[in-house]
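Engineer: My questions will all concern the structure given below.
No value in this document is a laboratory result; all are computed from the given coordinates. Keep in mind the model is a prediction, meaning the values are calculated, not measured. Cβ placement follows ideal geometry from the backbone for every residue including glycine, while neighbour counts extend to all protein chains displayed.
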Amino acid sequence: MEPLIQIEHMSHGYMMGGQRMPILQDISLTVHKGEFVAIIGPSGSGKSTLMNMIGCLDLSNSGDYRLDGHNVRKLSDNRLARIRNEKIGFIFQSFNLLPKLSAVENVELPLIYRGLSHRERKARAIQALQQVGLEERMHHRPNQLSGGQQQRVAIARALAGDPPLLLADEPTGALDTNTGREVMHMIKGLHAQGHTIILITHDLDIADQAKRVVRIQNGLLTEDRRNEA
Amino acid sequence: MIFFQSIRMALLSIIGNKIRSFLTMLGIIIGVSSVILIVSLGLSFNNQVTDQFGDLGTDLLSVNIFGYGAVTSMTPEEVNDLGHIPGVGGVSPTITGSVTAKNRNRNTDTNVEGVLPAYEYVKDFHVQRGRFLLNIDNQYRQKVALIGSETATKLFGMQDPVGRDIRLNGDTFTIVGLLKAKGDSLMGSNDNKILIPLATAERFLQTKGIQSFEVKARNPQNIPAIKEQLQQVLTAKIGDPSGFDIFDAQAMIQSAEKTTALLSASLAGIAGISLIVGGIGIMNIMIVSVNERTREIGIRKAIGAKKGNILLQFMIESIFLSTLGGSFGIGTGLGLVWIAGHFTPFQIQYAWSMVAISFAFSFIIGVLFGIIPANKAARLRPIHALRTD
């Protein structure tokens with residue numbers, strides 16, 4: 001079976017003062033369906049850039065990236081937007097909900113861009129909110145919800161489009177310990193249901209809850225181990 | 001579907017910044033309302049002018065002989081001869097004076113005009129009771145009179161004046177007819193006057209010769225040709241083209257229309273410039289809005305919005321701002337026109353064509369001045385947009 005993510009010899013950098021500053025150096029990474037991978041590394045290690053590449057938000061200078069059978073480097077901006085919409089559910093550190101929209105409208109957003117009918121959107125959004133236990137708050141605005149609830153709305157938004165990959169960038173970074181634990185519990189639950197999850201963090205305790213840990217340091221992949229929990 | 005969502009988002013964003021949106025629209029509101037006000041007033045004024053000159057008759061030429069030089073007047077016979085000019089339907093000479101008219105203890109100052117029976121046809125001015133002046137009245141210098149409706153009310157109240165006697169500067173005249181009410185024209189009241197036979201007037205007002213007469217064309221189209229003929233005949237008779245004047249209502253209407261059209265076009269042009277300034281205001285605020293919402297754009301792009309989706313959203317917002325401003329402007333403009341109609345004697349005319357044009361124009365402004373900000377938003381790269389706070 002083809003892996004969900006296949007990164008080969010990916011390098012990325014930018015020019016500064018006539019010198020090339022490497023950010024990612026010759027990264028190769030394969031992730032199969034159903035895996036739960038944590039990418040760890042200190043800030044400045046290049047893990048955020050790697051996440052942007054995996055999330056199709058940016059294209060690398062060199063190397064190959066195949067996501068669910070698509071060669072991402074060869075796609076136009078609009079095709080990339082479609083890949084992000086259909087293949088990836090983003091969970092951000094700062095939630096990134098739209099403040100003017102209610103919870104259910106935020107969850108509907110990716111489905112709008114997918115072009116689903118109003119009725120189907122509504123049904124799937126409500127179902128996703130039920131999954132995170134927030135269907136009673138569906139008409140609340142983000143500022144009427146606690147941090148943990150906002151992150152659960154964001155998770156529901158990631159789930160609503162039923163993408164093969166959930167990409168979480170420091171999902172507990174903006175939460176206190178207890179709510180962070182709740183959110184992690186929920187992410188583990190999603191993994192148990194069969195979702196493929198890639199989680200970016202600098203927190204080793206969080207990373208240890210994943211089945212596989214990949215360490216990035218100075219743009220190099222330095223460690224790739226499996227947790228035997 | 002995305003279209004409706006975009007409209008909704010545009011509305012939310014406009015409502016979310018009420019004061020800012022209002023100030024942004026203000027330029028368009030002022031521009032559109034002044035265009036509508038100016039063009040409506042111009043149109044109303046034009047109609048007013050056309051009506052008033054039209055009341056004088058577009059098939060009439062009024063001739064005045066000024067009374068300097070060798071020949072200062074014409075005889076009634078000479079004036080009558082002008083009826084032979086091709087296309088002329090009738091000629092009506094007039095001698096005018098002022099008198100004090102008296103009925104027992106009531107009196108009023110009024111104009112008296114000595115006229116011929118042709119007056120009825122030329123001026124299209126008829127009696128409502130009694131009879132008009134006849135040739136025989138003129139021939140025998142009868143002291144008979146027609147009385148205007150307003151003068152009749154002043155002297156006789158509600159009583160029927162026909163058959164009664166009045167005294168004009170001490171001479172007794174018998175009223176044989178009551179004129180129809182005609183209202184006011186540029187030349188003054190039509191209803192506050194007394195008509196007597198021309199020959200009677202010559203003696204009564206101690207005036208010899210005609211200095212004022214009107215020529216009626218059978219068809220308004222003949223007026224320019226008749227005017228030319230008249231010009232030649234009168235120049236030959238009087239010897240000097242500046243010794244007389246031929247007033248032509250048609251020509252007056254045309255020149256007045258030209259003037260007001262030019263005036264309202266230039267004023268509307270200035271107002272149109274303010275519309276463009278308003279459009280720049282919209283562009284400015286849209287750029288601010290794009291900058292403020294960089295993060296929102298990043299989020300939308302991350303979860304799958306294409307360039308076109310973002311472009312559409314911001315274009316709709318800009319078009320919404322400008323057409324909403326345009327609609328407010330139309331409302332304000334029509335309101336101002338209505339108020340102007342209440343406080344001026346004008347019969348007000350709403351410039352409906354301008355309402356449609358301004359709406360279309362404000363729509364176009366929304367499109368034109370929305371393109372740059374919307375394009376800026378659509379071209380933001382998601383990672384840069386997401387990194388912004």
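Engineer: Give, in whole angstrom and from largest to smallest, the semi-axes √(5λ) of the equivalent ellipsoid of the protein assembly as shown, with λ running over the eigenvalues of the Cα gyration tensor. Walk me through the intermediate numbers first.
Structural biologist: Details: eigenvalues 1818, 121, 55 Å².
Three semi-axes, in Å: 95, 25, 17.
Engineer: Select from B:Pro76, B:Pro373, B:Pro345 the residue whose mean-square fluctuation is largest in a Gaussian network model of chain B (Cα-Cα springs shorter than 10 Å).
Structural biologist: In this elastic network of chain B, the residue with the biggest mean-square fluctuation among B:Pro76, B:Pro373, B:Pro345 is B:Pro345.
Engineer: From the phi angles alone, apply the Karplus equation (6.51, -1.76, 1.60; θ = phi - 60°) to region B:216-230 and give each ³J(HN,Hα) in whole Hz, x where the residue is Gly or Pro.
Structural biologist: 3J(HN,Hα) across region B:216-230, in whole Hz: 10, 8, 5, 9, x, 5, 7, 3, x, 5, 4, 4, 5, 4, 4.
Engineer: Next question. Taking only Cα atoms, what is the 0 to 90° angle, nearest 10, from helix B:352-378's long axis to the longest principal axis of chain B?
Structural biologist: For helix B:352-378, the angle is close to 20 degrees.
Engineer: So which lysines pass the test for B:Lys227, namely a Cα distance under 17 Å, with those fewer than 8 places away in the same chain ruled out?
Structural biologist: Leaving aside lysines fewer than 8 places away in the same chain, those within reach of B:Lys227 are B:Lys216, B:Lys237.
Engineer: Once you average over the residues of A:84-94, how many Cβ atoms of partner chains fall within 10 Å of each Cβ? List each step's numbers first, then the result.
Structural biologist: Values: counts 6, 6, 1, 1, 3, 1, 5, 0, 3, 0, 3.
Shielding by partners across A:84-94 averages 3.
Engineer: Now for a different question. In deg cm²/dmol and to the nearest 500, what is the mean residue ellipticity at 222 nm of the protein assembly as shown if only DSSP H runs of at least 4 residues count, each as -39500 (n - 2.57), divided by the residue total? Mind dumping the intermediate values first?
Structural biologist: Numbers: 20 runs with 303 residues, N = 618.
Calculated mean residue ellipticity at 222 nm is -16000 deg cm²/dmol.
Engineer: Sticking with this one: Could you compute the net charge surrounding B:Leu11? Neighbours are other residues with a C-beta less than 13 Å from the C-beta of B:Leu11; K and R count +1, D and E count -1. Can you show the working numbers first?
Structural biologist: Values: positive: A:Lys100, B:Arg8, B:Lys18; negative: B:Glu317.
It works out to a net charge of +2.
Engineer: List the lysines whose Cα sits under 18 Å from the Cα of A:Lys33, skipping any in the same chain fewer than 8 residues away.
Structural biologist: Candidates past the 8-residue exclusion: A:Lys87, A:Lys188, A:Lys211.
Engineer: Determine, from the Cβ-Cβ distance of B:Gln232 and B:Lys208 and an R0 of 25 Å, the FRET efficiency 1/(1 + (r/R0)^6), rounded to the nearest 0.05. Mind dumping the intermediate values first?
Structural biologist: Working: r = 25 Å, r/R0 = 1.01.
Once rounded, the FRET efficiency stands at 0.50.
Engineer: Through the Karplus equation 6.51 cos²θ - 1.76 cosθ + 1.60, θ set to phi - 60°, convert the phi angles of region B:328-334 into ³J(HN,Hα) values in whole Hz; use x for Gly and Pro.
Structural biologist: Going residue by residue, I get 4, x, 4, x, 4, x, 5 Hz, with x marking Gly and Pro.
Engineer: Moving on to the next point. In nm, what is the difference between 0.36 nm times the number of residues separating B:Thr96 and B:Phe3 and their Cα-Cα distance? Provide the component values of the computation, followed by the final result.
Structural biologist: Numbers: separation 93, 0.36 × 93 = 33.48 nm, distance 7.49 nm.
Going from the current span to full extension adds 26.0 nm.
Engineer: Any aspartates and glutamates with Cα under 19 Å of the B:Lys18 Cα? List them, leaving off those in the same chain fewer than 8 positions away.
Structural biologist: Answer for B:Lys18, where 19 Å is the Cα cut-off: B:Glu292, B:Glu317, listed by chain and number.
Engineer: Please list, by residue number, everything in region A:9-27 whose backbone N is under 12 Å from a paramagnetic label point 7 Å out along Cα→Cβ of A:Arg73.
Structural biologist: A:9-12, A:26-27
Engineer: Okay, next question. Go through B:95-106, A:125-136 and give me the packing order, highest mean Cβ count within 10 Å leading. If you can, show how the numbers build up before the last one.
Structural biologist: Working: B:95-106: 15.9, A:125-136: 18.7.
Order by mean packing, descending: A:125-136, B:95-106.
Engineer: Where in region B:302-337 does the amide nitrogen come within less than 18 Å of the point 7 Å from the Cα of B:Asn375, taken along Cα to Cβ?
Structural biologist: Those under the cut-off are B:307-319.
Engineer: Still on this model: Tally Lys/Arg at +1 and Asp/Glu at -1 over every other residue whose Cβ is under 9 Å from the Cβ of B:Ser92; what's the total?
Structural biologist: Working: positive: B:Lys123, B:Lys216; negative: B:Glu120, B:Glu214.
It works out to a net charge of 0.
Engineer: Could you give the nm distance between label points at B:Ala356 and A:His185, where each point is 7 Å from its Cα heading toward the beta carbon?
Structural biologist: 6.7
Engineer: Using 0.36 nm per residue of separation minus the Cα-Cα distance, give me the extension gain between A:Gln130 and A:Thr30 in nm, one decimal. Numbers along the way, then the final one.
Structural biologist: On the way: separation 100, 0.36 × 100 = 36.00 nm, distance 3.23 nm.
Full extension from A:Gln130 to A:Thr30 adds 32.8 nm.
Engineer: Find how many whole Å separate the alpha carbon centroid of region B:281-313 from the alpha carbon centroid of region B:36-89.
Structural biologist: 66
Engineer: For A:Ile23, what residues show an amide H to amide H distance below 5 Å, using hydrogens built from the backbone and excluding near sequence neighbours?
Structural biologist: The answer is A:His12, A:Gly13, A:Tyr14.
Engineer: How far is the Cα center of region B:373-389 from the Cα center of region B:207-236, in Å?
Structural biologist: Between the Cα centre of region B:373-389 and that of region B:207-236, the gap is 78 Å.
Engineer: Calculated FRET efficiency, A:Glu120 and B:Thr344, Cβ-Cβ r, R0 60 Å, to nearest 0.05? Could the numbers behind the result be given before it?
Structural biologist: Numbers: r = 60 Å, r/R0 = 1.00.
E between A:Glu120 and B:Thr344, to the nearest 0.05, is 0.50.
Engineer: Next up: Among B:Ala236, B:Gln254, B:Ile310, whose Cα sits farthest toward the positive end of the charge dipole of chain B (+1 at Cβ of Lys/Arg, -1 at Cβ of Asp/Glu, about the Cα centre)?
Structural biologist: Result: B:Ile310.
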